[in-house]
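To keep things clear, I will list the structure first and then write my remarks on it.
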Amino acid sequence: MKGRYTNIIKIERIQNERWYKQYFAHYEEFKKRLQTDTQEFLYHGCPEGAVDSIIKNCFNRSYAGANATRYGIGAYFSAKASYSHNFAIPNENEEQCMFLARVLVGETVIGDENMKTPPDGYDSTTDGDHIFVTYYDAQAYAEYLITYK
């Protein structure tokens, strides 16, 4: 993100016990089923108005498609903070918000704009590079909120 912000205002650790327990149950199931750890730490940029909802309700699929559906109608994450930055709409103080989330990518397949769930045998869709789309609420956990300018 070099050159895209001037300073990090704060980094907050999110602690939502209910959502973490649900995420961890899925984590254990994914590890057992796939015989490997497919957890990734990925970024999710959003406007400040979405922050409280994500903290309280995690990445709710009912908002899927608000910004993009190119690789499926789900919650979007990226391995590149510079990509997620494009969705971190500045507030009136020019501050932007981005989550660092734990995401269970599992078995991935290239997605398309018509997918409402991944095909049988897959857990998420991708662009084949850095974008991952999840379709189940407990498949991602917002762990840190980064506020920057």
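When the residues of the range 85-98 are filtered to those that are of a type in the set (A, V, I, L, M) and surrounded by 18 or more Cβ atoms within 10 Å (Cβ to Cβ), the one that is modelled with the highest pLDDT is 98.
Residues checked against (1) within 25 Å of residue 123 (Cα to Cα); (2) without any contact (Cβ under 8 Å) to a residue 12 or more places away in the chain; (3) in contact with a helix residue (DSSP H, G or I) (Cβ under 9 Å, 6 or more places away or on another chain):
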{"site": "7", "(1), (2), (3)": "no, no, no"}
{"site": "25", "(1), (2), (3)": "yes, no, yes"}
{"site": "48", "(1), (2), (3)": "no, no, no"}
{"site": "73", "(1), (2), (3)": "yes, no, yes"}
{"site": "76", "(1), (2), (3)": "yes, no, yes"}
{"site": "79", "(1), (2), (3)": "yes, no, no"}
{"site": "87", "(1), (2), (3)": "yes, no, no"}
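Residue count for the range 107-148 satisfying the condition of being closer than 16 Å to residue 84 by Cβ and outside any strand (DSSP E or B): 3. In the set (1) out of contact with any Gly (no Cβ under 9 Å at 6 or more places or on another chain); (2) not in a loop (DSSP other than H, G, I, E, B), the condition left unmet by residue 37 is number (2). With the checklist (1) more than 15 Å from residue 70 (Cβ to Cβ); (2) modelled with pLDDT of 95 or more in hand, flag the one item residue 82 doesn't pass. Failed condition: (2).
Yes or no, residue by residue, for (1) aromatic (Phe, Trp, Tyr); (2) under 13 Å from residue 130 (Cα atoms); (3) at pLDDT 95 or above; (4) in contact with a Ser or Thr (Cβ under 8 Å, 6 or more places away or on another chain):
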{"site": "33", "(1), (2), (3), (4)": "no, no, yes, no"}
{"site": "42", "(1), (2), (3), (4)": "no, yes, yes, yes"}
{"site": "49", "(1), (2), (3), (4)": "no, no, no, no"}
{"site": "58", "(1), (2), (3), (4)": "no, no, no, no"}
{"site": "66", "(1), (2), (3), (4)": "no, no, no, no"}
{"site": "77", "(1), (2), (3), (4)": "yes, yes, yes, yes"}
{"site": "101", "(1), (2), (3), (4)": "no, no, yes, no"}
{"site": "114", "(1), (2), (3), (4)": "no, no, no, no"}
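Please find, among 17, 92, 28, 48, the residue that is of a type outside the set (Phe, Trp, Tyr) and in contact with a strand residue (DSSP E or B) (Cβ under 8 Å, 6 or more places away or on another chain). Talk me through it step by step, then tell me what you get.
Numbers: 17 fails: in contact with a strand residue (DSSP E or B) (Cβ under 8 Å, 6 or more places away or on another chain); 92 fails: in contact with a strand residue (DSSP E or B) (Cβ under 8 Å, 6 or more places away or on another chain); 28 fails: in contact with a strand residue (DSSP E or B) (Cβ under 8 Å, 6 or more places away or on another chain).
So the residue among 17, 92, 28, 48 that is of a type outside the set (Phe, Trp, Tyr) and in contact with a strand residue (DSSP E or B) (Cβ under 8 Å, 6 or more places away or on another chain) is 48.
The values are calculated or read from the model by the stated rules, or taken from the named source; none is laboratory data. Predicted, not measured: the structure shown is a model, and the values here were computed from it. Here the Cβ is made from the backbone with ideal geometry for all residues, glycine too, and neighbour counts use every protein chain on show.
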